[in-house]
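A short reminder: the numbers here are calculations on the coordinates, not readings from a lab. The model shown is predicted, which means the values in this text are computed figures rather than measured ones. For neighbour counting, all protein chains shown are included, and Cβ atoms are generated from backbone atoms with ideal geometry for every residue, glycine included.
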Amino acid sequence: MSREDWPDECKNYLTAYMTNHNTKAFFGVQYTIIMTAKQDALISEEAKKHLQKELALLKEPITVVAVLSEEKDRPFDEFSRKFLTELAAITDKIRPVFEKTDGPLAAKYQVTRTPTLLIEPDHYNVRYTGAPAGEEAQSFLLALIMASTKQSVLSGPSKKRLSELKESRNIKVFVSPTCPYCPLQVLLAISAAVERNDLISTDIIEIHENRDLAEQYNAFSVPQTFIDDQIVGSGLQPEEVFVEEILTAAPVPIKAFEGAGGAQKDLVIMGAGPAGLTAAIYAARSGLNTVVLEKANIGGQVAITPLVENYPGFTRIGGKALMDMMAQQAIQYTEIHQGEEVLEAKQVDGGFEIRTSRAAYKARALLITSGAESKKLGIPGEREFQGRGVSSCVECDGFFYKDGKKVVVVGGGNTAATDALYLKNLGADVTIIHRKDKLRAESILQERLKANNVPVLWNTVIKEIQGKKSIQSVVVENIADTSVSTLPLDGLFIAIGYVPNNSLAIQLGVETDEEGYIIVDKLHRTNVKGVYAAGDITGGFKQIVTAVGQASVASSTIFEDLSATVRQESGQVT
């Protein structure tokens, strides 16, 4: 049975999960609870009501063996015990077994670290090395459901391909509780172990709780996935690519779908950030048959923004929480395919043929909302230490540095200031490096940097990144006096601006400006008939409200243009 054959209630849950349902609020579990342990219960009464519905999906009872330390001041072990106990109080289908580190079950399953949680260990080789907290609470719940139903969420073709595996494989996925990309990669890894419980074992490793393992594997950026102890990818991977990597035990390049046919759509939207999700809502409400294709995480750059304070209606809200709300609204109207990258697009018979990593589509119109990605420094060592101390996502990777590790944020805008404050609040020893003598960030952010005693190295640029297995220092130059020095550090976060994701636009012949941003008219048409663009990909003022406004105009334009085409084709007067 493939996921298309799941009961409606299972598919509804999966849809919510795959569109980044705000499960932290859903569970009533915030990561700060783990560290403070001041509340009597982790799961609120309101969250329990929701959980009762979700846990009703469990079919067979599930045993979770939790190997925990009995030493005092072990907050992660305490959280794991408390979390499992409260889940078991909601449903008798979850049956925790608490084991000491020197107990027989710890020896049987070769557990040497705490907390370690084993899901139905007599049937599956799935373990969480570290507490399933924060973002990973959601993947843990779905892992229980999959083990109980004996069904993964892999597609039919992926299951068929995985059935060809002949050799054993061990999958390790390094995660952090604040990483929004991690749960979906974890979901793929656990699904593989559920499908091929005879050959595949999966270990989800929390990097902060297991620093020695993170350092051993140089896994300082999450998610990082290893197969048989060889790295196969950093970040969220497409399902079909990941399955091929399991078979080959090596990295696999992504390829366009080669099959014939294709689903017919009025509108294909490329990108599921604020612009893409808003356009989907407006387009679907106007009656257009629409699909949103997103290669990575729903929400784009906003989903990894720690705090948003300038979006009307919310005084302060996490970027991911805001995008969760948008995604949940959009999914009521249209399809959102996460992890499906558009690789080819061409004009065919007055419309477009679009090929992703897993399917083909035919569309009457195409809206590009692919946004922009973080700009690189372009200096020696940057590529070599990417994921080994060099990052552009503080939400994903900042947690590793929370205990006073020395980190640098390079940049001078709002993103750099916000990132620095986030790292400071985590407990990192953070410094900003900026090439000018004043920041571009909003005054309120600059005031907070001063209030939090975040130092700034002015008129300074990084010339080289140095290290051995991971980053150890940067060579910096003061451009005012040309002096050069070496600055020891543990992590470097780059926040120097963005470059547009314009490869598909160029493939279609869409006109761009000198910086690569798509040129549009006031109604968001491009120079190619049937192709439209909105959001950060069009340059200008990169704000959420701007993207949302542009998307509403673009979707209205698309509806009017397609309607006019229909009237012309039917011989009606326009």
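Couple of notes before you dig in:
- Taking other residues whose beta carbon is less than 11 angstrom from the beta carbon of residue 455, and scoring Lys, Arg as +1 and Asp, Glu as -1, yields +1.
- Look at where the Cα atoms of segment 234-270 and of segment 477-540 average out, and the two centres are 25 Å apart.
- In the chain, taking the dipole from charged Cβ atoms about the Cα centre, the farthest positive-side position among 204, 459, 90 is held by 459.
- Contact order for the chain, expressed relative to its length and based on alpha carbon pairs under 8 Å spaced 6+ residues apart, stands at 11 percent.
- At full extension, residue 230 and residue 264 could sit 8.2 nm farther apart than now, given 0.36 nm per residue minus the alpha carbon distance.
- Taking a sphere under 12 Å around the Cβ of residue 351 and counting the other residues whose Cβ falls inside, with K and R at +1 and D and E at -1, yields a net charge of +2.
- Sequence ranges 234-246, 436-448, ranked by mean other-Cβ count within 10 angstrom, highest first: 234-246, 436-448
- By the helix-only formula, in which each DSSP H run with n ≥ 4 contributes -39500 (n - 2.57) and the sum is divided by residues, the chain has a 222 nm mean residue ellipticity of -10000 deg cm²/dmol.
- A value for log10 I(q)/I(0) by the Debye sum over Cα atoms at q = 0.08, 0.12 Å⁻¹ was derived from the coordinates, and within the list [x] -0.61, -1.51; [y] -0.74, -1.22; [z] -0.56, -1.27 it appears as [z].
- Segment 480-574: GluC sites (Glu not before Pro) falling in loop per DSSP and having at most 16 other Cβ within 10 Å: 511, 514, 515
- Average Cα contact separation per residue, segment 460-553, under 8 Å, 6 or more apart, as relative contact order %: 15 percent
- If a spin label sat at a point 7 angstrom from the Cα of residue 71 along the line to its beta carbon, the backbone N atoms of segment 110-127 nearer than 12 Å would be those of 113-115.
- Of 445, 330, 125, farthest towards positive along the dipole that unit charges on Lys, Arg, Asp, Glu beta carbons give the chain: 445
- Projecting the Cα positions of 473, 411, 369 onto the charge dipole of the chain (unit charges on Cβ atoms of Lys, Arg, Asp and Glu, taken about the Cα centre) puts 411 furthest along the positive direction.
- Among beta bridges that DSSP assigns inside the chain, antiparallel share in %, nearest 5: 45 percent
- Segment 382-473, relative contact order [Cα under 8 Å, separation at least 6], %: 29 percent
- A full extension of the chain between residue 317 and residue 375 corresponds to an added length of 18.4 nm, given 0.36 nm per residue minus the alpha carbon distance.
- Calculated FRET efficiency for the pair residue 565/residue 211, C-beta based, R₀ 41 Å, to 0.05: 0.10
- Dipole moment magnitude, nearest 20 debye, the chain about Cα centre, only Lys, Arg, Asp, Glu C-beta charged: 400 debye
- Sequence ranges 50-60, 82-92, ranked by mean other-Cβ count within 10 angstrom, highest first: 82-92, 50-60
- Here the average projected area of the convex hull drawn through the C-alpha atoms of segment 390-496 stands at 6.2 nm².
- The residues neighbouring residue 300, those whose beta-carbon lies less than 10 Å from its own, together hold a net charge of -3 under the Lys/Arg +1, Asp/Glu -1 convention.
- For segment 352-471, DSSP calls about 40 percent of its internal beta bridges antiparallel.
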